[in-house]
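Here, each number is a calculation from the coordinates, and none is a lab measurement. Because the structure is a prediction, the values reported are computed rather than measured. Reconstructed Cβ throughout: ideal geometry from the backbone, glycine too, with neighbour counts over all protein chains shown.
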Amino acid sequence: MVALHLSPLLASIFSLIAIGALLLSFVMLGSRWLKDYMLAFAVQSWLIAILSALMGWAGGYTELYFVAVLTALFRGLVLPMMLLWVLKRLHVNRELHEIVQPSTALVIGAVLVIFGVVVAYRIGHALDIETRVVLLALTVMLSIKLIGFLMLAIRREAVSSILGILMLENGIFLGSQILVPGMPLMIELVLLFDLLVAVTCFAVLVRYLMASVGATGSQALQKLVG
Amino acid sequence: MSASTLIIVLLAAPLVSVLWSLLVRRAMQWVNLLAALVCFPVSILLLIGATAPRIYFEQMLYVDRIGAWVLMCVAVVYLLASFFAVDYMRHGEDARRLPNFYALFALFAWTMFAAPMANMIGVYWIGIEMTTLVSTFLVGYERRAESMEAAWKYIIIVSGGISIALLGTVLLYWGGTFVLGPTYTLDWSTLDAIAPKMPAVLLQLGFLLALVGYGVKAGLAPMHTWLPDAHSEGPAPVSAMLSGALLNCAMLGIVRFLAATDIAGHGVWPHRILIALGVASLVVGALFIMRQRGLKRMLAYSSVEHMGVIALGFGFGGLLGVFGALYHMLNHSINKTLMFIGAGSAVHRYGTHDMQQMRNLPVAMPGLAWLWLAGAVAITGAPPFGLFRSELSVLMAGWMHGGTRWVAVLFLLLLIVIFIGFLNHFRQMYVPSEAPAPEGPLPGVMTWIPMLLAVAALLLLGLWWPPLFTLWFGQIAHQLGAVS
């Protein structure tokens, strides 16, 4: 495993990037403005792109450069722009009906990160791995995932839900770059493609939702129960 | 024909239908039906020929007996639903959008043929995600507020849920790097080979995450929340495809991950968890069927229940459990398609989803109502239909293992509750009353054909156990590590 034998400098850079990505998910949790989410998500994707380029260089996986370029292009540029376009069409700027205040959400997020740390250390202990980067990658992967689910649970705007789903996958992308950089290139490419298709679908759906339900918040969606 | 030719035909036929619908935009219902008519015998030939697991087309596709079995279930549902679609979709409001419907419908079938054949676990994940993306548009096809709501919930819950399975796959891949080095291809047979040697914690975690992730898609309680909405709000042929075919595709993944833990010797706890999910599904199914008013919602909850039965079968394990679960997959596919065909016709006839407004059914749908009633009796697991056999087999599998005996008793009790609840709704719809006959269109011959075929097949499967099945199921049980 490459991550086990990194030079101290690279290991620190990787840790920095991972922590940066985690902090960005807190930016999303703490803000009410949909544009902030978008920017945070774009920057998070750029960080992941830098990470995969560095990993490609450190481990000699040339195909990771390709993944880095695509990540930056799709997740860092095309997706946020598409979502911005959707936002403009829908005239929504901010989350109106929070179930949980952003400040409370931050605290819950912190608890989730602690849970992630505990699980990561348990796994590390079982595998006899004490390398910081690996444990950190596991922690960040699990935490971003959990925070993504938290976002899905407490945010009601359709665009927030889309970003929540995207964040779930960002966490996995970030973790997998460090833990399993050798995972076949093709799968990663298709995943990127799949994501693009998914977001296109979401965008179309949001428009239909607007047209037929007349709102893009999920509090309007309460007809089907029981 | 060689197996690779069969695979090409199976994957090409729905695509031809997609292209035809998009480009020619005429007679697409017949082309779609033709594609389904081609796929059905091809899938059977593929199943017969799948004597040993084999890899095709540059490591991309993998066909073994259980995969081919699921493919055949998909093909059966596709065929029956395509017949019915001709009749059902005629009554839609907007004829100009019909080509889009058939294009999506055939594409949906294509994704369900492709996903179970995926060789790499990552590609299987993508395949399952693709089925979601395509079917979302089918669920929301009617563009009513309710169907948009259902489509939205469907895509959010299922995409979120299935990303858990992706995390599981990454962890499993990581586990494999301890055995095979940093770069390798994680496909189903590799997973079985490396499972005993990879770190136990990663295999266990990977299995749990995959179970939850694909369990969302398979509709196992408590991850079933999208299912009643999506299955009830789409057009009826789509509901049939979602219920009868799609759920099996996701169950296949769960079963394969379960097999990996069996082969690695992780003992009974993965089975226990699957059993727990199965019981939860049966409880949820029973409770919500009892006090349901929406006709298609009731059928959707019945799907939750039947996925629970299949989960119990694989959870109990052993020859009987695997036999019962596999047989139940086929029986449920046929039966649920039959039920949704009847439900779609009734909804059109009465112009409502509410069962309390559907009265005097034998008068409203002469003849057809009795076929539908036979299906209702069959789906509650009463003899002499196929589901009686498969549920009995699962029940016996639970009873034979000492530790799960109380689960078997609970299973039986819940089946009785469901039997009473389900048929009570039907009793109210069938008793003669003074209610005026409904005004909606009468179902035509293209509704009769699939319903007759389905009832005949269910009766046949209930009265006669095809001897070939014993051979095939035995092979599958062996491959899954259910018997040594």
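The table below lists the values:
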quantity: Added length on full extension, which subtracts the Cα-Cα distance from 0.36 nm per residue, B:Thr51 to B:His91; calculated: 10.0 nm
quantity: Dipole magnitude of the protein assembly as shown about its Cα centre (Cβ charges: Lys, Arg +1; Asp, Glu -1), debye to nearest 20; calculated: 860
quantity: In degrees, nearest ten, helix B:65-88 long axis to first principal axis of chain B (Cα); calculated: 20
quantity: The range B:104-155, relative contact order [Cα under 8 Å, separation at least 6], %; calculated: 32
quantity: Distance violations [Cα-Cα > 29 Å] among A:Lys145/B:Lys217; A:Lys145/B:Lys336; A:Lys35/B:Lys217; A:Lys88/B:Lys296; A:Lys223/B:Lys217; calculated: A:Lys145/B:Lys336; A:Lys35/B:Lys217; A:Lys88/B:Lys296
quantity: 10 Å Cβ shell holding at most 10 others, DSSP loop, GluC sites (Glu not before Pro): longest site-free stretch of chain B; calculated: B:94-433
quantity: Coarse-grained scattering of chain B at q = 0.07, 0.08, 0.14 Å⁻¹, given as base-10 log I(q)/I(0) from a Debye sum over alpha-carbon atoms; calculated: -0.33, -0.43, -1.40
quantity: At least 18 Å along the helix axis (C-alpha) and Kyte average at least -0.5, DSSP helices within chain A; calculated: A:8-30, A:34-59, A:102-127, A:132-154, A:158-179, A:185-212
quantity: Cα gyration tensor shape of the protein assembly as shown, rounded if a/c is under 1.5, else prolate or oblate by comparing a/b with b/c; calculated: prolate
quantity: Euclidean distance between Cα centres, the range B:325-363 to the range B:139-204, Å; calculated: 33
quantity: Between helix B:405-430 and chain B: long-axis angle, C-alpha atoms, 0 to 90°, nearest 10; calculated: 20
quantity: 14 Å beta-carbon shell around B:Arg291, net charge (K/R +1, D/E -1); calculated: +1
quantity: Calculated on alpha-carbon atoms, Rg and Dmax of the range B:1-84 in Å; calculated: 13.5, 42
quantity: Cα point-scatterer Debye curve for the range B:141-256, base-10 log of I(q)/I(0) at q = 0.24 Å⁻¹; calculated: -1.25
quantity: Average beta-carbon neighbours from other chains, 10 Å sphere, peptide B:147-153; calculated: 6
quantity: Rel. contact order, % - alpha carbon contacts under 8 angstrom, at least six apart, chain A; calculated: 25
quantity: Dipole magnitude of the range B:3-479 about its Cα centre (Cβ charges: Lys, Arg +1; Asp, Glu -1), debye to nearest 20; calculated: 260
quantity: Selected from A:Met210, A:Val119, A:Met1, residue furthest toward positive end of dipole (chain A; charges at beta carbon); calculated: A:Met210
quantity: Charge dipole of chain B about the Cα centre (unit charges at C-beta), most positive-ward option of B:Leu208, B:Gln357, B:Thr185; calculated: B:Gln357
quantity: Cut-off 15 Å between beta-carbons: net charge of the residues surrounding A:Leu106, Lys and Arg +1, Asp and Glu -1; calculated: -1
quantity: Cleavage-rule hits (trypsin sites (Lys or Arg not before Pro)) in the range B:137-176: DSSP loop, at most 15 neighbouring Cβ within 10 angstrom; calculated: B:Arg143, B:Arg144
quantity: Between 0 and 90°, nearest 10: helix B:295-316 axis offset from chain B longest Cα axis; calculated: 20
quantity: The range B:437-447 - phi-based ³J(HN,Hα) in whole Hz, Karplus 6.51/-1.76/1.60, Gly and Pro as x; calculated: 5, x, 9, x, x, 7, x, x, 5, 6, 8
quantity: Backbone HN-Hα couplings from phi across the range B:355-362 [Karplus 6.51/-1.76/1.60, Hz, Gly and Pro as x]; calculated: 5, 6, 9, 9, 10, 6, 4, x
quantity: The range A:1-48 versus the range A:68-132: alpha-carbon centroid distance in Å; calculated: 9
quantity: Residue among B:Ala245, B:Ala259, B:Ala286 farthest towards the positive dipole end of the range B:222-312, charges placed on Cβ; calculated: B:Ala286
